[in-house]
Amino acid sequence: MKQLRHVISFKIIRRDHAVDALELALQNVNISDYKAPPQVTLPTVIDREANMQITQVVSPSELYIIYQSDLELLQAIDNELNASANSMCSLRFDELTKGDLVFIELNGQYARGRVEQLSNEHKNKDVLVYRIDRGGMYWFKPPQIYGINTPTSSDILFETPGLAIQFRLQELKPPVQHGGNWPEESIKYVKTFEGQSCKVQIFSIVESVIAGDILVSSSSVRLTLLDKNLADVSPEPRDSEENYNLRSSSYVARQDKSVQAQFSEKQVTTKIPKAPILPPPEEEDAASVTLRGPNSPLEMSFSALCRSSHSKQVNIDGASVNSVALDHDFLTPNSRLLVAGSVGIAHRSGNLMARDTTMMPAIPGLTGLLSLLFCPIVELRVNESLTQYTGALAGLGLNPTTQEPIYGDHDVEVIFDTKIDNQDLNTINSIRMTMNYILRPTCGPDLSNLRQKAISDTMQLLQRPRLMIDESWPQTPHMWGDRRDGLIRLCPGVGWDNVHTDVFQLHEGISLD
């Protein structure tokens, strides 16, 4: 909506009238109208593990499990559904409301479901249904959604709580080398445990979703994904950490069962009642307001890297898909790199307008690594204690005669937000040397092997695990020639025949304590 620049205006009523209208609407809300049965009771706040069976795997961050003790009940529900097949009738779209208990057929098997969303866009009437006993969200057309025409002799279908519980592996995220999406290898590995019994170690429970680890034959699924580079470590959300701290504290264990039950209730998501709260009628003398936004806390803003435009505000062309860029990996505060095909300056404001943009993947340290890989000349920055690199000044360097920057306006002061060390610098110099060999006229038949080596070394560089560091600006930014006492510069590795005609000169490192 923000990209489309839609304007939403409406009239507001007086505050006392609004309070009366809200109280009247709340009196008409009937939470019991939420027809689908509630979810099965979740593990309490003092439970550390539970015996479960995995029923559905969407990804390592979305699995569905049920208690092993509920397997017989699940079989009884399946038997009752099969016995009631002849009594089922298709439901029309206008007969459905959010929260209804319905019956669906998946892979020749009937299942209980709950209506989550009704979509009537472009006259395509679709219904999103949550399978309450085995988990998973599915879209259906109304003829594929059923109700029971005649009452059954058993109430097991209508009164038994939904058995499925949503689960995710704690402190995991998709590997960055796969563009922030779960690769097929990760999903296939977790799917091998579908239908198997396991022990679930509970880290936290927030909004009815369990975060933790799965142990199958004493083997950790989470650690196996990390060992096989099929996932990356990610910090837990704040509410998950708070629930974990609550579970770990001795305070909860000392409380009586009634207090523990209150803590456990806070782990359950709040169901939204089906009955809508209708807005009150507009008043003739009501003031008209226009909504601003929408603004998201995940929306990213960008700044230019060049010295001449570093202080200017950067706007992205409104026709670009990146004009509203959201940080989907907000728990890992890495800087994001946006590359523009063309950049202009607004006539009135002087702001930069970036066009033909590409959002680079959220690879830790990508901005610094790419700068070191492809810049003509670089001068590395170190902290006061000479223990780690804090950034780099990239550009054309100094004029040897005047000792002035050759093209100072386009020098780039890159601040590192991840740890980059001399091992990385050696790899970068190796890649630059390989690119030099490729560009030389004497390259010959080794071109294919050199290309493969450059690709292999670059992927190794980008996939190396990195620690986060605090950003630290130099005391004299955009100034070449750091002559600090105790600074020992390291020449590039021995054996590289870098010549002055090469495009990519090798970088000098600094001896770190």
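If you check GLY147 against the conditions, is it in a loop (DSSP other than H, G, I, E, B), of a type outside the set (Phe, Trp, Tyr) and surrounded by 15 or more Cβ atoms within 10 Å (Cβ to Cβ)?
Details: in a loop (DSSP other than H, G, I, E, B): no; of a type outside the set (Phe, Trp, Tyr): yes; surrounded by 15 or more Cβ atoms within 10 Å (Cβ to Cβ): yes.
It is false that GLY147 is in a loop (DSSP other than H, G, I, E, B), of a type outside the set (Phe, Trp, Tyr) and surrounded by 15 or more Cβ atoms within 10 Å (Cβ to Cβ).
Answer with yes or no whether LYS257 is over 30 Å from LEU467 (Cβ atoms) and either modelled with pLDDT of 90 or more or open to solvent by less than 40 Å² (accessible area, probe 1.4 Å) (or both).
No; evaluated as a whole, the condition is false for this residue.
Could you grab me the full set of residues in the stretch 342-368 that are at positive phi and loosely packed, with under 13 Cβ neighbours inside 10 Å?
GLY350, ASP356 - these are the residues of the stretch 342-368 that are at positive phi and loosely packed, with under 13 Cβ neighbours inside 10 Å.
Consider LEU380 carefully, then state whether it is under 28 Å from PHE504 (Cβ atoms) and part of a helix (DSSP H, G or I).
No: the conditions fail for LEU380.
So in the stretch 347-383, with the set limited to residues that are small (Gly, Ala, Ser) and under 23 Å from the mean Cα position of the chain (by Cα), which one is farthest from ALA325 (Cα to Cα)?
Among those that are small (Gly, Ala, Ser) and under 23 Å from the mean Cα position of the chain (by Cα), it is GLY368.
Residues of the stretch 337-347 being over 19 Å from SER311 (Cβ atoms) and either at pLDDT below 75 or touching an Asp or Glu at 6+ places or on another chain (Cβ under 7 Å) (or both), which ones?
Across the stretch 337-347, the qualifying residues are GLY341, SER342.
For every residue, the table says whether it meets (1) of a type outside the set (Gly, Ala, Ser); (2) not in a strand (DSSP E or B).
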{"position": "GLN75", "(1), (2)": "yes, yes"}
{"position": "ASN79", "(1), (2)": "yes, yes"}
{"position": "ASN86", "(1), (2)": "yes, yes"}
{"position": "CYS89", "(1), (2)": "yes, no"}
{"position": "ASP94", "(1), (2)": "yes, yes"}
{"position": "GLY99", "(1), (2)": "no, yes"}
{"position": "PHE103", "(1), (2)": "yes, no"}
{"position": "ALA111", "(1), (2)": "no, no"}
{"position": "ARG114", "(1), (2)": "yes, no"}
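Taking the stated definitions as given, is THR390 of a type in the set (Ser, Thr, Tyr), in a loop (DSSP other than H, G, I, E, B), within 19 Å of ASP482 (Cα to Cα) and out of contact with any helix residue (DSSP H, G or I) (no Cβ under 9 Å at 6 or more places or on another chain)?
So THR390 does not fit the description; no.
Against the definition (in a loop (DSSP other than H, G, I, E, B) and at pLDDT 85 or above), how does GLN505 come out, yes or no?
Details: in a loop (DSSP other than H, G, I, E, B): yes; at pLDDT 85 or above: yes.
When the stated conditions are applied, GLN505 passes them.
So if I check each of ASP70, ASP133, ASP94, which one is open to solvent by 30 Å² or more (accessible area, probe 1.4 Å) and over 30 Å from LEU462 (Cα atoms)?
Testing whether each residue is open to solvent by 30 Å² or more (accessible area, probe 1.4 Å) and over 30 Å from LEU462 (Cα atoms) leaves just ASP94.
Out of all the residues in the stretch 264-307, which are at pLDDT 75 or above, of a type in the set (S, T, N, Q) and open to solvent by less than 60 Å² (accessible area, probe 1.4 Å)?
Passing the criteria: SER264, GLN267, SER296.
Identify all residues within the stretch 177-198 that are surrounded by 16 or more Cβ atoms within 10 Å (Cβ to Cβ) and in a strand (DSSP E or B); write none if there are none.
CYS198
I'd like to verify a number: residues in the stretch 422-479 that are over 20 Å from LEU393 (Cβ atoms) and part of a loop (DSSP other than H, G, I, E, B), how many?
The total comes to 8.
Go through the stretch 369-380 and give me each residue that's open to solvent by 10 Å² or more (accessible area, probe 1.4 Å) and within 18 Å of SER335 (Cα to Cα).
Once the filter is applied, which keeps residues that are open to solvent by 10 Å² or more (accessible area, probe 1.4 Å) and within 18 Å of SER335 (Cα to Cα), the stretch 369-380 yields LEU370, SER371.
Of the numbered conditions (1) within 23 Å of TRP480 (Cα to Cα); (2) in contact (Cβ under 8 Å) with a residue 40 or more places away in the chain, SER303 fails exactly one; give the number of that condition.
Result: SER303 passes all but (2).
List the number of the failed condition for LEU101; all other conditions in (1) more than 31 Å from the chain's Cα centre (by Cα); (2) at pLDDT below 85 hold.
Every listed condition holds for LEU101 apart from (2).
Okay, residues lined up against (1) over 27 Å from VAL209 (Cβ atoms); (2) modelled with pLDDT of 85 or more; (3) surrounded by 13 or more Cβ atoms within 10 Å (Cβ to Cβ); (4) of a type outside the set (D, E, K, R):
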position	(1), (2), (3), (4)
GLN3	yes, no, no, yes
PHE10	yes, no, no, yes
ILE31	no, no, no, yes
PRO38	no, yes, no, yes
TYR64	no, yes, yes, yes
ILE77	no, yes, yes, yes
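Which number in (1) at pLDDT 90 or above; (2) hydrophobic (A, V, I, L, M, F, W, C); (3) farther than 30 Å from ILE202 by Cβ marks the one condition that PHE93 misses?
(1)
Report the residue count in the stretch 199-231 for those that are hydroxyl-bearing (Ser, Thr, Tyr) and not in a loop (DSSP other than H, G, I, E, B).
Within the stretch 199-231, residues that are hydroxyl-bearing (Ser, Thr, Tyr) and not in a loop (DSSP other than H, G, I, E, B) number 4.
Determine if the stretch 224-243 includes at least one residue that is in contact (Cβ under 8 Å) with a residue 40 or more places away in the chain, β-branched (Val, Ile, Thr), exposed (fewer than 14 other Cβ atoms within 10 Å of the Cβ) and in contact with a Leu (Cβ under 9 Å, 6 or more places away or on another chain).
Within the stretch 224-243, one or more residues are in contact (Cβ under 8 Å) with a residue 40 or more places away in the chain, β-branched (Val, Ile, Thr), exposed (fewer than 14 other Cβ atoms within 10 Å of the Cβ) and in contact with a Leu (Cβ under 9 Å, 6 or more places away or on another chain).
Test ASP409 against the criterion of being more than 28 Å from ALA340 (Cβ to Cβ), modelled with pLDDT under 90 and not in a loop (DSSP other than H, G, I, E, B), and give yes or no.
Working: more than 28 Å from ALA340 (Cβ to Cβ): no; modelled with pLDDT under 90: yes; not in a loop (DSSP other than H, G, I, E, B): yes.
No, not satisfied.
The values are calculated or read from the model by the stated rules, or taken from the named source; none is laboratory data. Predicted model only: the values in this text are computed from it and were never measured. Neighbour counts run over all protein chains shown; Cβ positions are idealised from the backbone, glycine included. Just so you know, the surface numbers come from the protein's heavy atoms only, side chains and all, with ligands and any DNA or RNA stripped out. Shrake-Rupley method; radii C 1.70, N 1.55, O 1.52, S 1.80 Å.
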